[in-house]
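A short worksheet on the structure shown next.
The values are calculated or read from the model by the stated rules, or taken from the named source; none is laboratory data. Quantities reported herein were computed from a predicted structural model and do not represent experimental measurements. When we count neighbours, we look across all protein chains shown, and the Cβ atoms used for this are built from the backbone with ideal geometry, even at glycine.
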Amino acid sequence: MRHVSRIKFMVCAAAVAAVTIIAGCANAPLRTEASTSGIRAAEEAGAAKVPQASLHLQMAREELAQARELSAKGEKEQAASMLLRAEADAELAVVLSREDAEKTEANAAVERVRELRKNNP
Amino acid sequence: MKTKQFLIIVALAAIFAGCATMPPNELVNARQAYKIASDGQAAELAPAELHKAQEALNFAEQSFAKEPDSAKTKDLAYAAQRKAQLAGAVGAMNADKSLKGRADVAFEKKQTEIIQQGKQDVRDAENQTADVRAELDKQAALKEAKDKSDAELAVVQAGKEKADADLLKQQTETANQAKQDLRDSEQRTADARAELARIGAVKEEERGLVVTLSGGVLFRSAQSSLLPSAQVKLDQVARALMSVRERNIIVEGHTDSRGSESYNQGLSQRRADMVRNYLVQQGYPGDRIQARGMGEGAPIANNASAEGRANNRRVEIVIER
């Protein structure tokens, strides 16, 4: 059994090596660009000031950190998968920030009309 | 607590069932989030985002079918849930944008109205000012016209006064002329009277100046044709009368009492007519001279004597006053 296991391991290792050679990128560093740029966009959109957006921004940061941890542990696939969460949360944070700004502007516009009508019946 | 117990029961059930058919929480949440988004305004206002959420959910479902328990399935489901939430947020954002757009349009419209109203107010004010100015101009024009008319009236009055003065002067002149004419006329009458006095007997009577011509000088007995000597006499009378031709004259024929009264009446009328005709022939205006036969009814002497009868046979020329 031990021998078999060793052979299995070797086959496995060979397969991994082959895949690595063929793909040429198995050991490539974690692609966090989408996540980091998403987080930066959310920060710039003022997510920190919008509670809901701020929550998802925080989640995105934590998920990015987890992905890096997983990647550091060699869990490349899980790390890449975790990045999907970080990207999704960052994108949502951006949209929630913008949505809040739009809502504020829309309310202001409505209020402006109301005031104008009140003062000029 | 109930939820916790329920979850524990679900978890135990999953363990017993070998976890094969139980979707992870992430997938359950993703399905629910997608349902909320597609039921909401995202379907209309964020169709692209909703479509991406649907694709993400499909990936998660496919992953769940292949490897129900894997971390990848959970991560895909988690991402799908976030994309569904994002679609909802984009829908809300677009709704806000639309609301803002409508509000801005309404604002501009109202503002335009206000500006128009303001312009209208300005125009109204200008019109009012113009009206007032026009009224003032009108009044000024009226005043000017009145002043002018007063001035004209003064001129007219001056003219009238002059005309009155002229009229008065003219009237005075006319009156003077009339007086002069009267004096002339009186002078002529006096001249005529002097002339007539040389021709026959002249008397001032109530009815006027009476010139008496003897019948014997003018006519043969019982005849009405004029004697040649009568013509000489009547020529003189006519000349004297010419200077008083504006007076009315009556020629009266008179007889003595011999013969019938009607005969004498006819004879005296014929003789008066004869004299009148002669005077008219000599130029005296016919419409100013009448002939009257007086018959024997107005004697001036006693018919008993021959002398008296001779005096009664006569023609009187009455020059009326």
Per-region count, the stretch B:211-247, residues assigned to a helix (DSSP H, G or I) and of a type in the set (A, V, I, L, M): 10
Selected residue [under 30 Å from A:VAL113 (Cα atoms), assigned to a helix (DSSP H, G or I) and either within 8 Å of chain A (Cβ to nearest Cβ) or out of contact with any strand residue (DSSP E or B) (no Cβ under 6 Å at 6 or more places or on another chain) (or both)] from B:LYS74, B:LYS97: B:LYS97
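Name the single residue that is nearest to the chain's Cα centre (by Cα) among those in the stretch A:82-121 being of a type in the set (Lys, Arg) and within 7 Å of chain B (Cβ to nearest Cβ).
Initially, the stretch A:82-121 is screened for residues of a type in the set (Lys, Arg), giving A:85, A:98, A:103, A:112, A:114, A:117-118.
If we keep only those that are within 7 Å of chain B (Cβ to nearest Cβ) too, we end up with A:85, A:98, A:103, A:112, A:117.
On the way: A:ARG85: 5, A:ARG98: 17, A:LYS103: 25, A:ARG112: 38, A:ARG117: 45 Å.
The qualifying residue nearest to the chain's Cα centre (by Cα) is A:ARG85.
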Looking only at the stretch B:293-311, and only at residues there that are touching a strand residue (DSSP E or B) at 6+ places or on another chain (Cβ under 9 Å) and of a type in the set (Gly, Ala, Ser), the one that is surrounded by the most Cβ atoms within 10 Å (Cβ to Cβ): B:GLY295
Checking A:ALA90 against (1) more than 19 Å from B:GLY101 (Cβ to Cβ); (2) among the aliphatic types (A, V, I, L, M); (3) modelled with pLDDT under 95, the condition it does not meet: (3)
Members of the stretch B:158-185 that are among the basic types (Lys, Arg) and under 38 Å from the mean Cα position of the chain (by Cα): B:LYS160, B:LYS162
Criterion: among the polar types (S, T, N, Q), buried (at least 16 other Cβ atoms within 10 Å of the Cβ) and part of a helix (DSSP H, G or I) - qualifying residue of B:GLN111, B:GLN116, B:GLN85: B:GLN85
Helices (runs of 4 or more DSSP H) wholly inside the stretch A:30-121 that include at least 2 residues being of a type in the set (A, V, I, L, M, F, W, C) and loosely packed, with under 14 Cβ neighbours inside 10 Å: A:51-72
